[in-house]
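No lab work stands behind these numbers, since they all come straight from the coordinates. From a predicted model like this one, the values you see are computed outputs, not experimental measurements. So basically every Cβ, Gly included, is an ideal-geometry build from the backbone, and we count neighbours across all protein chains shown.
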Ligand SMILES: [Mn+2]
């Protein structure tokens, strides 16, 4: 891949002599960190460029892109090659998503998908390889690549390339409970974090104190250590105490893993927390604030932290809305049509939190809808960890006849439909969900 990157650098250099560069990146934490890495690298390279952050690539958007610019896509576009092949300008794609067709000749594609037996890398990690090949000075951007890897849940497997990125970023890795931020006082982190959800502890300060006492973790002068400061014995006692509380709903594999600690704005931070903060800004429609934050702008940092708090508040009110609103429910499923009461950018998170909540039995299907202008964002989740019906397949059966496309996995999937199809979609969904699956 590194040779492909080097030749892409030459091609971009050549093409950008006559034209200005337009970078288009995805709005999630991986896309924002990709954009931050790329813009810093281009700036140091002395290139003229502009940046646009998008939720996804629609045909009309691609058609509207100027052909007097060099187009560079980050963390997206692998599924949109059919629209891009008619562009009469140089197109570069740095991505890791599935490539759905042959790469047309006008597109230079740098993707982990093109290399068999390649380790899974996020978009930001690929952008970092580009930046580092451009100049060793860009090594200081490695932290952003770590945040991008974590943002896309690619951090579990530490392959050769990721391991080098972790080293470049001087990351501290510690095995422990997957609770973030691991840099915050443990009592507060346990009380406010819902992942993992600990019955009787999450949301209850008294429950937190009981749990910590049970695990033998003392406070010093009224203050608890942060999770990453625990010694091995304390960490293992805490994990055992949590597993006992979960009543079999959690297992060690799910709640134990690597904590990644990176230096950001001169402080030790949990990469998962930084990724959550960046995502929050995008979901609150302020992706340029998190981009500024990633680039080290102090004012944007303050702004991003404010937005993060607002985001958490809007999640809380969305969850309250969900618990109070009338739902369509049947055997093993529940449909919530939030209309314009919940933002389309947070409906997926709301569905995920519900699927982890003890309120819904294992194997329940949760489907949530929210308006996005003239479209409706649909998010489907399967509750619990023991499997059940394939929710991607369920959506597929309803949406494909309506002319839509479904993305995701068997336990978490989503799609976009037009608002006119609201009634048809819900009726179709009920029809398919009400069908009992006969086991053979
Ligand atoms: Mn990505």
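Descriptive notes on the structure:
- Spatially, the range 28-83 and the range 152-179 are offset by 26 Å when compared through their Cα centroids.
- Rounded to whole Å, sorted largest first: equivalent-ellipsoid semi-axes of the range 10-83, Cα gyration tensor: 20, 16, 9
- Antiparallel content of DSSP bridges confined to the chain, in %, to 5: 55
- Here the translational diffusion coefficient of the range 298-440 follows from Stokes-Einstein with Rh set to the Kirkwood radius across Cα pairs; for 20 °C and 1.002 mPa s it amounts to 136 µm²/s.
- Centroid-to-centroid separation of the range 384-427 and the range 281-302 [C-alpha atoms, Å]: 32
- Overall form of the range 86-144: oblate. Here a/c, set by the Cα gyration tensor axes a ≥ b ≥ c, is 1.5 or more, and a/b is not larger than b/c.
- Shape analysis of the range 2-170 yields a ratio of the Cα radius of gyration to the Kirkwood radius, Rg/Rh, of 0.93.
- Share of pairwise Cα separations in the range 327-375, more than 19 Å, in percent: 25
- Two-decimal ratio, the range 53-122, of alpha-carbon radius of gyration to 2.2 N^0.38 Å: 1.07
- Protection proxy ranking for 409-420, 54-65, using the average of other Cβ atoms within 10 Å per residue and placing the highest first: 409-420, 54-65.
- Whether the range 139-240 is rounded, prolate or oblate, judged on the alpha carbon gyration tensor where a/c under 1.5 counts as rounded: prolate
- Taking every alpha-carbon pair under 8 Å whose residues sit at least 6 apart, the range 327-436 reaches a relative contact order of 22 percent.
- Solvent-free Debye calculation, one equal scatterer per alpha-carbon of the chain: log10 I(q)/I(0) at 0.06 Å⁻¹ equals -0.27.
- CD proxy at 222 nm, helix term only [per DSSP H run n ≥ 4: -39500 (n - 2.57); per residue of the chain; nearest 500]: -13000 deg cm²/dmol
- Mean-position separation - Cα centroids, the range 97-114 and the range 367-383, in angstrom: 29
- Global size of the range 102-184 as Cα Rg and Dmax, reported in angstrom: 14.4, 50
- Quarter of the Cα convex hull surface for the range 187-291, i.e. its orientation-mean projected area (nm²): 8.0
- Kirkwood estimate for the range 369-440, i.e. one over the average of 1/r between Cα atoms, Å: 12.7
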